[in-house]
Amino acid sequence: MIKINNKKDCCGCTACVQRCPKQCIALIEDTEGFLYPKANLQLCINCSLCERVCPIINPLPPRLPMSCYAGINLDEHIRLESSSGGLFTVFAEHIIKEGGVVFGAQFDENWEVRHNYTETLEGLSAFRGSKYTQSRVGDNYSKAEAFLKTGRKVLFSGTPCQIAGLKRYLKKEYENLFTVDFICHGVPSPKIWRAYLKEICRKTIERSGKISLSSISIGRGSVSYIKDVNFRYKITGWKNYSFSLKLDYGMTQGEKKIERFVEPFSENIFMQGFLKNLYLRPSCYNCPAKKGKSRSDITLADFWGIQELYPELDDDRGTSALFLNTYNALVVFDSIKNDKFVCRKVLYNEIVNSNKNYESSCKEPLYRSIFFKKYKKNELLDSLLFEQTLKDRITLKFKRHFKL
Ligand SMILES: Cc1cc2nc3c(=O)[nH]c(=O)nc-3n(C[C@H](O)[C@H](O)[C@H](O)COP(=O)(O)OP(=O)(O)OC[C@H]3O[C@@H](n4cnc5c(N)ncnc54)[C@H](O)[C@@H]3O)c2cc1C
Ligand code: SF4
Ligand code: SF4
Ligand code: SF4
């Protein structure tokens, strides 16, 4: 029976929950906002299936990609909606056109992130763009399995650990399955994301002075003011992307009062906390799925540094790095290349030299636990500002000590 003694030993993929024949594993949110499985001892029959499908208990060895590319989707609209060069959509469209189903991560009505599936080209737009918080997989492994068993093609996209979990869950290889992951920095806490969204909306609305704060609700319902969230808004460029929020203060039906909050990632406090690894899931500091261990068919990433290597493939609107990891990936790639995207072959090191997250996990900051303690007592933004000043204080002490 699955038992989590150390939080680093669970990436939250939910393979155990979905495989349990007694359905006796519940997911419980911890104080940091991450979900962990908890088995009901009364119902458990000790079949150990949950342990056998766990990608952390049963890790695979690392594996190198078969070929590496830089690429750009030729559809400008799609590329602007995507985080890097828009190659995810190229593969997803191919599967849909072959009568298949695509699984990915999208916002729900409360702007939390969940996995879902679509059978249409239009449905792909909800999956486009990185959402920087952990997506809830729900029962989507079992839904994907049901489609696979009918013989339909399935593209499943997600973090490397979600792909590793899916592979373990399925227990066998399916020729009609195509898996897509990405180089993964780690996933921020959904609780911190929720808190940030609430605070940034309140502060933006407060500044505008247009409506009463008592009527604020975060959601897409009739009293919702949030119309769009974009972690990778490219209006300020791909390299210097922004966090953006679209609000509509229209109070009566048909009335529209649109306002956009746009902040470069280097100034946005949620993005800074994420990039400084402050509130990642504990497993992300000891990631079980780096270096091809997920066994995905393809791995996507931002091709940071492309401007120095191949400037002809950089217009600051996004360039993807692509690893083809399997024979299946080579076949699919050959059947669609040059039609939907431009690309060129590159060396493995040209991608990973500027993207260390493919091979190594982020370091856990010393002040992570202080941050979570502080956050329990304060508003999120205050806690983040405290973290900044704390870090500045530590740096200053360090510099003074070593007379730098
Ligand atoms: C949490 C996170 C961390 C990342 N870290 C890095 C990194 O360190 N280095 C790097 O180069 N790239 C990283 N990426 C990936 C990168 O930002 C792009 O998503 C990737 O290059 C694909 O871009 P695209 O333009 O092809 O398509 P996009 O349209 O941008 O691709 C979207 C894809 O990402 C999936 N997705 C989006 N959000 C989530 C989520 N929360 N959980 C699971 N799947 C999700 C969608 O299902 C879809 O498959 C990260 C992405 C996420 C979500
Ligand atoms: S041992 Fe079997 S019954 Fe018990 S929790 Fe695990 S999968 Fe469920
Ligand atoms: S890593 Fe996945 S399978 Fe393993 S315990 Fe956590 S949720 Fe269950
Ligand atoms: S860093 Fe590793 S453990 Fe964390 S979400 Fe990404 S793949 Fe999963």
Worksheet item: Only one of these conditions is not met by Gly104: (1) within 19 Å of the chain's Cα centre (by Cα); (2) part of a loop (DSSP other than H, G, I, E, B); (3) buried (at least 21 other Cβ atoms within 10 Å of the Cβ). Which number is it?
Response: (2)
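Per-residue answers, yes or no, for (1) in a helix (DSSP H, G or I); (2) within 22 Å of Lys167 (Cα to Cα); (3) of a type in the set (Ser, Thr, Tyr):
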position: Leu124; (1), (2), (3): yes, no, no
position: Gly138; (1), (2), (3): no, yes, no
position: Tyr141; (1), (2), (3): yes, yes, yes
position: Glu145; (1), (2), (3): yes, yes, no
position: Leu148; (1), (2), (3): yes, yes, no
position: Gly151; (1), (2), (3): no, yes, no
Worksheet item: Quick check: is even one residue across the range 98-120 within 16 Å of ligand 3 (Cβ to nearest atom) and either in the same structural domain as Lys345 (by TED's automatic domain parsing) or in contact (Cβ under 8 Å) with a residue 40 or more places away in the chain (or both)?
Response: yes
Response to the item:
Per the list (1) charged (D, E, K, R); (2) touching a helix residue (DSSP H, G or I) at 6+ places or on another chain (Cβ under 7 Å); (3) free of Cβ contacts under 8 Å to residues at least 60 places away in the same chain, residue check on Lys293 breaks on (3)
Item to complete: Could you identify the single residue in Tyr279, Tyr249 that is within 30 Å of Ser208 (Cβ to Cβ) and crowded, with 22+ Cβ neighbours inside 10 Å?
Response: Tyr279
Worksheet item: Which members of the range 97-114 meet the condition of being in contact with a Gly (Cβ under 8 Å, 6 or more places away or on another chain) and on the phi < 0 side of the Ramachandran plot?
Response: Val102, Phe103, Gly104, Ala105, Glu109, Asn110, Arg114
Worksheet item: Has the range 343-354 got any residue that is modelled with pLDDT of 95 or more, buried (at least 22 other Cβ atoms within 10 Å of the Cβ) and closer than 26 Å to Tyr241 by Cβ?
Response: yes
Item to complete: Would you point out the residue of the range 3-47, among those that are basic (Lys, Arg) and farther than 23 Å from Lys143 by Cα, that is least open to solvent (accessible area, probe 1.4 Å)?
Response: Lys8
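The values are calculated or read from the model by the stated rules, or taken from the named source; none is laboratory data. Keep in mind the model is a prediction, meaning the values are calculated, not measured. Counting neighbours? That spans all protein chains shown, and the Cβs are built from the backbone with ideal geometry, glycine included. For accessibility, only protein heavy atoms count, side chains too; no ligands or nucleic acids. Shrake-Rupley method; radii C 1.70, N 1.55, O 1.52, S 1.80 Å.
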